[in-house]
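Asker: Structure in structure tokens, see below.
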Amino acid sequence: MKNNCLEPIVFPQIEYLTEHVHKLVQSIFDEKVALEGLVEDGHKSKITQNNLNDNFNKKEFQELWKHINHKYAYTVTYDSQELIEKAKNSINENLEVSQLRYNIVTGEQQTASEFGNTTSTSKKVGGVMPSTVKYDLVGEIAKGATLTRRTVVKILQGLSPQKIAMFQYNPEEFIRGVIKLIKEQKATMIVEHIAYNMVDGQYESTIFTEEKQQETLDKAYSSKKHILDYVISDSKVEREFAKDMDDATEVCVYAKLPRSFHIPTPVGNYAPDWAIAFEKGAVKHIFFVAETKGSMSSMDLTQIEQAKINCARHLFNNISTSSVRYEMVASYENLLDKMQKID
């Protein structure tokens, strides 16, 4: 026991099993979640090597990579009072907190392990149950929403008594809900006020191979124009997109960007999906950075997701070179349609 925590003793020979042992112990409390992904088909073929190939060395990709591998920092300047007003209005209109309940089950014992004629009654908890847990309401919201305590206090002061009362019967859900709604309002404001500046440092080409290659072949697509031998697709949409790019005569070379390649935004880091170099003369803009989504409807995206995408569009389309464009697309055909409309 160290610092009131259990400190496991793990022999070096079996250290690689630590994560799985933790999951196994967690399954005592939550079998469905804890065991997810723990048991798999050991006979599935796995990709042990996924190396950079000759496509990576093509001058078209090297030129594209020089355009996009910079690192950036952002600044956002907006009126705090505007955020306060929008946040408190959103919370007053949209915050919903479920009241804590408990179930009373009664029945007649028929055998040692079975009960019959059971009935269940659900009752609401009247208020906060006596507990040693203390909530720093202002501090928790300030930390979660990345705001000053003073700004959070002003937002809370603008809430109706009915909304404030929700904290009493479910504090944790109240805090989560308020943070979510504040961040959504921040997300709607940041794009028009954000500015990106290049900073020291670049992404190295090693980011394409440094991730562990433990994917099975059913997630891998053997590509002709990708910079690695295999494209590891996260969805059917991505797999079809990669196949279409391999077949397209106008595509010269492309890369599935790793998660470690990202741009910072005020609502979290954003990692686009693809970097594409087209054949010169085939399209107006030679280089593209793209995000593939199964649905193009903005209604299917959260405000935070939409804000991240808008920040990426702002960076690549306005701050970067005019040779690089960014778009969110549902398919390769959709990308071609968008390219025709770009000025």
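Asker: Starting from the amide H of K293, placed 1.01 Å from N in the peptide plane, find each other amide H under 5 Å away whose residue is 5 or more places distant or on another chain.
Answerer: V329, A330
Asker: Distance in nm between label sites at I207 and S80, each 7 Å beyond Cα in the beta-carbon direction?
Answerer: 3.3 nm
Asker: Can you tell me how much longer the chain between N69 and E192 gets when fully stretched, taken as 0.36 nm per residue apart minus their C-alpha distance, in nm with one decimal?
Answerer: Value of the extension gain: 41.9 nm.
Asker: Between rounded, prolate and oblate, where does segment 227-291 land on the alpha carbon gyration tensor, with a ≥ b ≥ c its root eigenvalues, rounded for a/c under 1.5, else prolate if a/b exceeds b/c? Kindly include the intermediate steps, with their values, before the conclusion.
Answerer: Working: a/c = 2.33, a/b = 1.41, b/c = 1.66.
Oblate shape, in that a/c is at least 1.5 and b/c is the bigger or equal ratio.
Asker: Related question: Evaluate E = 1/(1 + (r/R0)^6) for R149 and L336, where r is the Cβ-Cβ distance and R0 equals 45 Å; express this FRET efficiency to the nearest 0.05.
Answerer: On the way: r = 50 Å, r/R0 = 1.12.
Efficiency computed from Cβ-Cβ geometry: 0.35.
Asker: Could I ask something else about it? Given H placed 1.01 Å from N in the peptide plane, which residues other than close sequence neighbours of V324 have an amide H under 5 Å from its amide H?
Answerer: none
Asker: Given a cut-off of 21 Å, name the pairs among K224/K256; K71/K183; K58/K341 whose C-alpha atoms lie farther apart than that in the structure shown.
Answerer: Values: K224/K256 13 Å; K71/K183 24 Å; K58/K341 28 Å.
From K224/K256; K71/K183; K58/K341, over 21 Å: K71/K183; K58/K341.
Asker: Also: Take E172 and A282, extend 7 Å from each Cα along the Cα→Cβ direction, and tell me the distance between the two endpoints in nm.
Answerer: The answer from the label model is 5.3 nm.
Asker: What does the net charge come to around H67 if you take all other residues with beta carbon closer than 14 Å to its beta carbon, with K and R at +1 and D and E at -1?
Answerer: Values: positive: K59, K66, K71, R325; negative: E60, E63.
Counting the neighbours of H67, the net charge comes to +2.
Any read-out appearing in this document is the output of simple, stated calculations on the displayed coordinates, not a laboratory observation. Every value quoted in this text rests on a predicted model; they were computed, and no experiment measured them. Methodologically, a virtual Cβ is constructed for each residue, glycine included, from the backbone with ideal geometry; neighbour enumeration extends over all protein chains shown.
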